[in-house]
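The values are calculated or read from the model by the stated rules, or taken from the named source; none is laboratory data. Note that the structure is a prediction, hence the values are computed from the model and not measured. Cβ atoms come from the backbone with ideal geometry, glycine included; neighbour counts cover every protein chain shown.
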């Protein structure tokens, strides 16, 4: 059954997963609580009734085999889209160009966000349709306000470290700031083809996620935190 709020729109989930990773080698297929890391994103997309098709794009045969095992379609990308200089947008455009069927929206699900669930995907799509938006990007509140941060000169002098207007203020009295958490990007394909960017200049909205589901795995410590949180959620 299709998700009730789709309003006749079609949604293609794309999960980009390179074979290489400098900080955490082979991270996309490392076992996380009994499943390869990439499997968590595939299964979230499969459980969502809003998604019409799931594609994993990779240069790595092992990743593509795992993708098919967990129920996604696998597309092998060329070598020039598997190096450090290739952008995610380049991968999305290549994938679109090689599809026989057209879709209305792409739902980009990075495999490094294993705590993002089908509920988050469906809520983000619902927000997109309610706002009649061209794009939605997931965000989470930052752990510490950027107003408490600054660069430092070589000598470490902190004389001008904080702005005068926030001196003496409690952290809870400061404005809330949000960061992009990398879990969900939804964009109208026509807009992506025109702008060549996931961040449109207008008609784009934020989908807020809590910090506990916004883990983005980049290093070993992120992997360990995700494993702990998944175990906690399961209990």
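Restrict the check to the stretch 97-106 and report whether at least one residue is in contact with a helix residue (DSSP H, G or I) (Cβ under 7 Å, 6 or more places away or on another chain) and either loosely packed, with under 11 Cβ neighbours inside 10 Å or not in a loop (DSSP other than H, G, I, E, B) (or both).
From the stretch 97-106, those in contact with a helix residue (DSSP H, G or I) (Cβ under 7 Å, 6 or more places away or on another chain) are 103-106; that's our starting set.
After this cut, where a residue has to be either loosely packed, with under 11 Cβ neighbours inside 10 Å or not in a loop (DSSP other than H, G, I, E, B) (or both) as well, the list is 105-106.
Within the stretch 97-106, one or more residues are in contact with a helix residue (DSSP H, G or I) (Cβ under 7 Å, 6 or more places away or on another chain) and either loosely packed, with under 11 Cβ neighbours inside 10 Å or not in a loop (DSSP other than H, G, I, E, B) (or both).
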The residue that is nearest to the chain's Cα centre (by Cα), considering only those in the stretch 17-42 that are assigned to a helix (DSSP H, G or I) and touching a residue at least 40 places away in the same chain (Cβ under 8 Å), is 41
Among the residues of the stretch 120-147, write down those that are more than 17 Å from residue 7 (Cα to Cα) and touching a strand residue (DSSP E or B) at 6+ places or on another chain (Cβ under 6 Å).
137, 138, 139, 140, 141, 142
Can residue 157 be described as at pLDDT 95 or above, assigned to a loop (DSSP other than H, G, I, E, B) and exposed (fewer than 12 other Cβ atoms within 10 Å of the Cβ)?
yes
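Condition check: farther than 19 Å from residue 219 by Cα, surrounded by fewer than 18 Cβ atoms within 10 Å (Cβ to Cβ) and touching a helix residue (DSSP H, G or I) at 6+ places or on another chain (Cβ under 8 Å). Does residue 71 satisfy that?
Working: farther than 19 Å from residue 219 by Cα: yes; surrounded by fewer than 18 Cβ atoms within 10 Å (Cβ to Cβ): yes; touching a helix residue (DSSP H, G or I) at 6+ places or on another chain (Cβ under 8 Å): yes.
Here the answer is yes, as residue 71 does meet what is asked.
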Does at least one position in the stretch 116-129 carry a residue that is more than 16 Å from residue 28 (Cβ to Cβ), loosely packed, with under 14 Cβ neighbours inside 10 Å and free of Cβ contacts under 8 Å to residues at least 24 places away in the same chain?
yes
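Working carefully through the options 223, 199, 228, find the one that is assigned to a loop (DSSP other than H, G, I, E, B) and closer than 24 Å to residue 143 by Cβ. Reasoning before the result, please.
Numbers: 223 fails: assigned to a loop (DSSP other than H, G, I, E, B); 228 fails: assigned to a loop (DSSP other than H, G, I, E, B).
Going through 223, 199, 228 in turn, the sole match is 199.
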Restricting to the stretch 174-206, what's the tally of residues that are touching a helix residue (DSSP H, G or I) at 6+ places or on another chain (Cβ under 9 Å) and modelled with pLDDT under 95?
3
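Answer with yes or no whether residue 190 is over 16 Å from the mean Cα position of the chain (by Cα), surrounded by fewer than 13 Cβ atoms within 10 Å (Cβ to Cβ) and in a helix (DSSP H, G or I). Give the steps one after another, and end with the answer.
Working: over 16 Å from the mean Cα position of the chain (by Cα): yes; surrounded by fewer than 13 Cβ atoms within 10 Å (Cβ to Cβ): yes; in a helix (DSSP H, G or I): yes.
Against the criterion (over 16 Å from the mean Cα position of the chain (by Cα), surrounded by fewer than 13 Cβ atoms within 10 Å (Cβ to Cβ) and in a helix (DSSP H, G or I)), residue 190 qualifies.
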Flagged pairs (Cβ under 6 angstrom, 6 or more apart or on separate chains; first in the stretch 79-92, without any contact (Cβ under 8 Å) to a residue 12 or more places away in the chain; second surrounded by 12 or more Cβ atoms within 10 Å (Cβ to Cβ)) are 90/81
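Kindly evaluate residue 54 against the criterion of being surrounded by fewer than 20 Cβ atoms within 10 Å (Cβ to Cβ) and part of a strand (DSSP E or B). Even if it seems obvious, please write down each step before you answer.
Working: surrounded by fewer than 20 Cβ atoms within 10 Å (Cβ to Cβ): no; part of a strand (DSSP E or B): yes.
Answer is no for this residue.
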On the basis of being surrounded by 15 or more Cβ atoms within 10 Å (Cβ to Cβ), out of contact with any helix residue (DSSP H, G or I) (no Cβ under 8 Å at 6 or more places or on another chain) and outside any strand (DSSP E or B), does residue 85 make the cut?
no
